[in-house]
Amino acid sequence: MSGGSSPSSRRNSFNSLSKDLDLPSEQGCLSIVVLGASGDLAKKKTFPALYHLFEQGFIQSGEVHIFGYARSNLSDDGLRERIRGYLKGAPEDLSEFLQLIKYVSGSYDTGEGFEKLNRAISEYEVSKSSGSYRRLFYLALPPSVYPSVCKMIRTYCMNPSSHPGWTRVIVEKPFGKDLDSAEELSAQLGELFEEHQLYRIDHYLGKELVQNLLVLRFANRLFLPLWNRDNIDNIQIVFREDFGTEGRGGYFDQYGIIRDIIQNHLLQVFCLVAMEKPVSLKPEHIRDEKVKVLQSVNPIKPEEVVLGQYDGYKDDPTVPDDSNTPTFASVVLRVHNERWEGVPFILKAGKALSSKKAEVRVQFKDVPGDIFRSKKQGRNEFVIRLQPSEAMYMKLTVKKPGLEMATEQSELDLSYGMRYQNVKIPEAYERLILDTIRGDQQHFVRRDELQAAWKIFTPLLHDIDDGKLKALPYEPGSRGPKEADELSARVGYVQTHGYIWVPPTLA
Ligand SMILES: NC(=O)C1=CN([C@@H]2O[C@H](COP(=O)(O)OP(=O)(O)OC[C@H]3O[C@@H](n4cnc5c(N)ncnc54)[C@H](OP(=O)(O)O)[C@@H]3O)[C@@H](O)[C@H]2O)C=CC1
Ligand SMILES: O=C1O[C@H](COP(=O)(O)O)[C@@H](O)[C@H](O)[C@H]1O
């Protein structure tokens, strides 16, 4: 439970934000259908997120029913037992939650299973006589089956037109493999659902510090005049994992690190860092600005790309021996607009590296007319640590305490673990599912945004797929290929040696 507030007080604050965004507060039955309920994502993320929403009172026994759907031969109890081990909570809460779940078995491309699913949903709806009928379908499935599943939902499972309510569909990434395939998928889904019914999830948009980016940038006078090419030298957006593909090699090899992390998660973070101020907080206004900045990105230059593949990646039997798939990439994006001309955005992601973290590092220019030789301490940096140990810290040059007039580098540190000690930071999926129930698309990817994102990366991805760019080998547990650090230095990043920020811990 977060910050000691009760479930009902949290629901109240959620309702007040809904009012700000003109979102109607709805009542009636809510049917949540997890398609691919037997799978990895469903048990690790989707059901636990639903449980946390239940535990905090955002979805309640009286108004919600959860349906798991997949081909596997499972009973209601079979599915419940499968997910029980992934849920942490009081035993009575768990039992109450698990009783809300029913399992329906069927295929993804024939009507029979979906008719059965529709009957199960309708029975539940009819048993609750009043209010709207809200149907939320979560596709925790391989994208290859999205078109047929969406067609089945459209044909058999829409909320009845005789009743107020809605049907919404959450689709997982990857949304295609390049511009053409993404467009084809979008066109197929677009024939079946209106854009306002489709929620393309990118779970990075549900992370606390990612959601804070807009507030930070546009609610603080401090940053407004500094956030531009006059003051900022370069910006890095970094994702590092300290483990490899671990059993997901077959999936990963078809995609690679650019499609898995950079084209979606890091690019979404990039948008929030680089976009102009939206007219308002309305989802369409925010997404308009994201599209604009994506459209301002110049074509990527091959000489501003470094690819890597960790030694041992190809030992996975599901990975071809001649794979050129990158498990590491550093890509420089350049934005052709008044604010950012000349400022490199270095997007870097890698698996099997020396540490696990994700952060945005804004490096400022050197002080003009420097009288303190502060350059030797290193540049000012503003770092937003997305995970782990969520924090924002500002690296500053200060007078070293003591009799001498000497300088050193220190920081202003807002570490969430210290500042918000009793606050539980919600899981990204929890927040995004709640947004879907509320009808708030702000943190979901719009079709034209997706198109603009693929336009940036498709030429580079095709060059990699065609073997025109090679992945350099690197040691697992290292920083990745040294050429990536050389690239960062070449485009302007100056590393501060001898200074490392250590997340503060409670005594
Ligand atoms: N796992 C993760 O951590 C993450 C996953 N995702 C995305 O979420 C989606 C689901 O991922 P995940 O749960 O890992 O996937 P799984 O491989 O576990 O597949 C989910 C379910 O889909 C069914 N299924 C699997 N392969 C096929 C197939 N070829 N044709 C039809 N049905 C199939 C299976 O159910 P059954 O056979 O019982 O019908 C399976 O249990 C994917 O789009 C993935 O990219 C995104 C981020 C993270
Ligand atoms: O989407 C994905 O994200 C995870 C990393 O997510 P995080 O929330 O733990 O940072 C990554 O491991 C996976 O390869 C990718 O598909």
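The values are calculated or read from the model by the stated rules, or taken from the named source; none is laboratory data. Bear in mind the structure is a predicted one, so any value in this text is a computation, not a measurement. Don't worry about glycine lacking a Cβ; one is built from the backbone with ideal geometry, like all the others, and counts go over all protein chains shown. Note: accessible area is taken over every heavy atom of the protein model, side chains too, but ligands, DNA and RNA are not part of it. Shrake-Rupley method; radii C 1.70, N 1.55, O 1.52, S 1.80 Å.
A few remarks follow.
- If the condition is being within 16 Å of ligand 1 (Cβ to nearest atom) and open to solvent by 70 Å² or more (accessible area, probe 1.4 Å), then segment 212-242 contributes no residue at all.
- Reported count of residues in segment 79-121, each being of a type in the set (A, V, I, L, M, F, W, C) and within 28 Å of the chain's Cα centre (by Cα), is 8.
- Scanning segment 132-157 for residues that are more than 26 Å from the chain's Cα centre (by Cα) and open to solvent by 40 Å² or more (accessible area, probe 1.4 Å) yields a count of 4.
- Some residue of segment 351-365 being over 30 Å from Pro503 (Cα atoms) and more than 26 Å from the chain's Cα centre (by Cα): no
- Test: residue in segment 395-412 that is surrounded by 21 or more Cβ atoms within 10 Å (Cβ to Cβ) and in a strand (DSSP E or B): yes
- Flag for Phe137 being closer than 17 Å to Val169 by Cβ, in a strand (DSSP E or B) and in contact (Cβ under 8 Å) with a residue 24 or more places away in the chain: yes
- Among the conditions (1) closer than 25 Å to Ser161 by Cα; (2) exposed (fewer than 14 other Cβ atoms within 10 Å of the Cβ); (3) away from ligand 1 (no atom under 16 Å from the Cβ), the only one that Glu112 does not satisfy is (3).
- Search result, residues across segment 31-56 that are part of a loop (DSSP other than H, G, I, E, B), open to solvent by less than 10 Å² (accessible area, probe 1.4 Å) and more than 16 Å from ligand 2 (Cβ to nearest atom): Ala37
- Within segment 445-474, the set of residues being open to solvent by 60 Å² or more (accessible area, probe 1.4 Å) and either acidic (Asp, Glu) or touching a Lys or Arg at 6+ places or on another chain (Cβ under 6 Å) (or both) comprises Asp465, Asp466.
- Contact annotation: residue pairs with Cβ atoms under 8 Å, 6 or more positions apart or on different chains, pairing a residue in segment 379-393 that is open to solvent by 20 Å² or more (accessible area, probe 1.4 Å) with a partner that is within 13 Å of ligand 2 (Cβ to nearest atom) and of a type in the set (Gly, Ala, Ser), are Arg385/Ala358; Gln387/Ala358.
- Residue match in segment 360-371 (condition: open to solvent by less than 60 Å² (accessible area, probe 1.4 Å), among the basic types (Lys, Arg) and part of a strand (DSSP E or B)): yes
- Answer from Phe239, Phe218, Phe193 - the residue that is in contact (Cβ under 8 Å) with a residue 24 or more places away in the chain and more than 26 Å from Ile346 (Cα to Cα): Phe193
- When segment 176-211 is filtered for residues that are of a type outside the set (Ser, Thr, Tyr), under 19 Å from Gln442 (Cα atoms) and open to solvent by less than 20 Å² (accessible area, probe 1.4 Å), the ones remaining, listed by number, are Phe193, Leu198, Arg200, Ile201, Asp202, Leu205, Gly206, Leu209, Val210.
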